[in-house]
Amino acid sequence: MKLADMSFFRLASQRMEWLAARQKVIAENVANADTPGYSARDVQGFEDFLNARAAGPRNSSLLARSEPVAIGDAEESWGQSLDRNTVVQEQQALLAADTSDQYRLATQLYKKGFDLIALAASGR
C-alpha cells in the first residue's frame, strides 16, 4: 500500500501543495510591490482547490498532479498606493508567516501519521 493512496496522506500532500503555491504567489506580490497598477494576488481557497481536484480526472495521478492551483486577484487588500498598486508589504508578511506555519503543521501531521503506521507495523 502506498502512503499517497491513504486519504490522510493524500490530504496532507494536497495541503502542502496548495500552501507552496500560495507562498509562491505571496513572493510574486512582494516582488511587484513597486510595480504601478499591480494588483495583489492570492490562490483560491483550499476547499475550492479540493473540490476542483475531486471533480477532475481520477484515473491518472499524473493528470491530477498537473492541475494548477487557481490564482486570482486578492479578495482583501489593506490599501492602494497612488499608482494603484494594492500590495501592502505588512499584509504580505503576515500572509507569508501564516502560510509557513500552516505548512509546518501539515508536515508535522504527515510525519506523525507515518510514525503511527511504523509503530503499528513494528508492533512496538
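Coordinate-derived values only; no laboratory data. Worth saying up front: this structure is predicted, and the values here are computed from it rather than measured. Glycine also receives a Cβ, built like all others from the backbone with ideal geometry; neighbour counts cover every protein chain displayed.
Seen against the Cα atoms of the chain and their longest principal axis, helix 89-122 is set at about 0 degrees.
Run through every distinct alpha carbon pair of the chain and return the Kirkwood hydrodynamic radius in angstroms, one decimal place.
Roughly 16.4 Å, rounded to one decimal.
Once the Cα atoms are used to define both axes, helix 7-31 deviates from the longest principal axis of the chain by about 20 degrees.
Taking Cα atoms, how many degrees apart are the long axis of helix 46-55 and the longest axis of the chain, rounded to 10 and kept between 0 and 90? With both axes taken from Cα atoms, the answer is about 60 degrees. Magnitude of the charge dipole for the chain, about its Cα centre and with charges confined to Cβ atoms of Lys, Arg (+1) and Asp, Glu (-1), is about 860 debye.
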